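Here the structure is laid out as structure tokens; the discussion comes afterwards.
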Amino acid sequence: MTSSAPPSAGRQIARAAGTVMLAFLLTQLIGLLRVVVVYRAFGASAEMDSFNAANRVAELLFNLVAGGALGSAFIPTFTGLLARKDHDTAWKLASAVANLLFLVLTLLAVLCMVFAPQIVRHGLYVLAPGDSPGQEALTTALLRLLLPTVVIFGLSGLVMGILNAHQRFWLPAIAPAMYSLGQIGGVLLLPSGLGIYRLAAGALAGALFHLLVQLPDLVRLRGRYWLLLGGRMAEVQEVARLMGPRVLGVAVVQLNFIVNTIIALSLPEGSVSAVTLAFTWMLMPQVAIAQSVAVAAMPTFSAQAALGRLDELRTALAATLRGVILLALPAALGLILLRTPLIRLLYENATFTPPMTRMVTWALLWYALGLPAHSLLEVIVRAFYALRDTRTPVSVGVVAMSLNVGFSFAFSAGFSRLGWMPHGGLALANSLATLLEMSTLLVLLRRRLGGLGGRNVLMALGQAGVGLALLGAGLWAWLTFGISLPDWLIVGGGAALGVLAYAVGLALLCVPEWHALLQAGRRLLARWHLTHIS
């Protein structure tokens with residue numbers, strides 16, 4: 001954070017962000033291992049397409065009712081009660097939301113189990129009706145197996161929000177690693193004769209681990225559980241009011257994902273898996289950089305807004321945006337330049353063939369272009385939520401995601417006419433729509449807060465640009481002259497060279513965040529030295 005941020009808020013966000021980023025990095029490494037294990041076992045195959053399509057429906061249900069709505073509606077209300085020391089009401093609110101989530105998600109899951117064949121045939125395969133009845137049947141069976149995860153993730157997401165509101169970030173941040181470990185265990189430990197079903201069983205176990213790993217911290221909070229629905233509680237009504245627009249926004253976002261899946265299922269075999277894997281790789285740096293910062297900043301932003309400290313909120317937000325810019329831009333460029341040897345190194349085998357590598361890297365090129373916009377959007381949207389304004393980001397998101405649907409049809413068809421792999425158009429549509437959404441919300445937030453320290457934020461873009469020039473030149477030379485090297489050396493050496501070149505650029509420009517990082521490193525080193533000396 002820059003020195004201009006309020007010391008208490010800045011240090012609190014930085015400390016929490018450091019904890020969350022460390023946990024997210026661990027989670028991403030385990031997630032990377034999961035993706036490697038899964039795709040080396042199944043490749044970008046038709047059965048993997050079926051799993052990804054079924055899992056997309058389960059994610060739709062969770063996100064529609066609980067996913068983003070919990071962060072945008074529950075956390076600001078719950079944090080406001082804690083900031084005002086009204087702990088009894090806070091726990092009544094948490095109990096009521098938990099009970100309502102359980103009832104609603106269970107009902108939805110049961111209904112989808114009953115109507116799973118219709119959802120698959122008339123929904124997912126609407127553009128390719130009857131083309132592959134065997135794959136439709138497999139998708140239906142996988143969907144039914146995955147639906148219990150909707151209920152589990154709903155409750156786990158609520159626990160995550162409660163812990164984050166209490167400034168407890170470690171266990172919630174490593175919970176996704178438990179989900180990945182469940183899938184890894186399913187693939188490696190269950191009999192191979194079960195085929196793709198062992199991945200679905202692992203996903204079900206992983207969802208349960210996702211919830212269970214957070215329970216020790218929840219118990220330590222010593223909160224009281226109330227058996228109530230809270231229909232007359234003003235706080236429950238406030239959460240419902242804030243959730244209303246957000247549910248609409250989430251529905252549009254998830255509709256976009258479903259449309260992309262439907263389109264991809266009508267494209268050449270493996271398109272769904274290629275798009276899913278490429279999007280996963282774009283999300284890895286986005287989670288480590290932006291989500292870690294945004295999750296850590298959300299309780300602080302919410303408390304500042306609840307107490308009317310908008311000057312502090314404005315300054316802390318500007319500093320947070322600077323940090324995200326300085327990290328997301330080099331991550332995007334590095335991912336673009338190193339994507340082919342990276343995917344080839346991690347996945348290629350007898351099952352995952354070179355044509356599959358080309359499909360994934362083609363989609364990853366277009367997704368990586370949108371990484372900075374995705375990262376900034378994470379922070380900007382949470383600032384609106386902290387201000388208890390869900391309507392603005394949802395309204396803009398609805399328009400952006402509607403454009404995304406239109407872009408997806410247009411770009412995939414346009415890519416086909418150009419002789420390009422059409423699934424790349426789906427990735428480009430996502431990146432362009434996200435850029436438009438982020439830019440619009442940034443302008444609106446600046447007006448809402450009366451400024452965002454725009455000069456400092458723009459300065460970060462210029463400073464990052466110098467570092468990017470050094471990074472790009474260094475990686476271009478490395479890839480040009482090291483083309484005959486093994487992939488592990490190309491990726492490892494290129495990553496190290498890129499980080500060094502970018503760091504040199506920031507150091508030459510005396511970027512405050514770089515010096516703050518060095519100071520933090522010196523403090524950690526000194527603490528380690530004192531510990532081992534004593």
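Each value in this text was obtained by applying a stated rule to the coordinates, not by laboratory testing. All values reported here derive from a predicted model rather than from experimental measurement. With ideal geometry, Cβ positions are generated from the backbone for all residues, glycine too; neighbour counts draw on all protein chains shown.
Checked against (1) surrounded by 20 or more Cβ atoms within 10 Å (Cβ to Cβ); (2) in contact (Cβ under 8 Å) with a residue 24 or more places away in the chain; (3) under 18 Å from Phe279 (Cβ atoms), Met421 passes all but a single condition, namely (1). As a summary of the residue check, Glu437 satisfies the conditions (1) in contact (Cβ under 8 Å) with a residue 40 or more places away in the chain; (2) farther than 18 Å from Ala251 by Cα; (3) assigned to a helix (DSSP H, G or I) except for the one numbered (2).
Return a yes/no flag: does the range 170-186 have any residue that is closer than 30 Å to Thr434 by Cα, assigned to a loop (DSSP other than H, G, I, E, B) and among the aromatic types (Phe, Trp, Tyr).
no
Among the residues making up the range 277-336, a single one is charged (D, E, K, R) and buried (at least 24 other Cβ atoms within 10 Å of the Cβ): Arg322.
With respect to (1) of a type in the set (A, V, I, L, M); (2) touching a Leu at 6+ places or on another chain (Cβ under 9 Å); (3) closer than 20 Å to Arg56 by Cα, the lone exception for Val252 is condition (2). Please verify whether the range 405-421 includes one or more residues that are closer than 30 Å to Gly161 by Cα and of a type outside the set (Asp, Glu). No, every residue in the range 405-421 fails to be closer than 30 Å to Gly161 by Cα and of a type outside the set (Asp, Glu). When the criteria are applied in full, Leu436 meets the requirement of being under 27 Å from Leu310 (Cα atoms) and among the aliphatic types (A, V, I, L, M). The set of residues in the range 160-214 that are aromatic (Phe, Trp, Tyr), crowded, with 24+ Cβ neighbours inside 10 Å and out of contact with any His (no Cβ under 9 Å at 6 or more places or on another chain) contains only Phe169. Could you please let me know if Ala350 is of a type in the set (A, V, I, L, M, F, W, C) and in a helix (DSSP H, G or I)? Answer is no for this residue. Taken over the range 460-482, the criterion of being of a type in the set (Val, Ile, Thr) and touching a helix residue (DSSP H, G or I) at 6+ places or on another chain (Cβ under 8 Å) is satisfied by Val466 alone.
Taking the range 207-240 as the region of interest, how many residues are part of a helix (DSSP H, G or I), free of Cβ contacts under 8 Å to residues at least 60 places away in the same chain and closer than 30 Å to Val394 by Cβ?
Residues that pass the stated criteria total 6.
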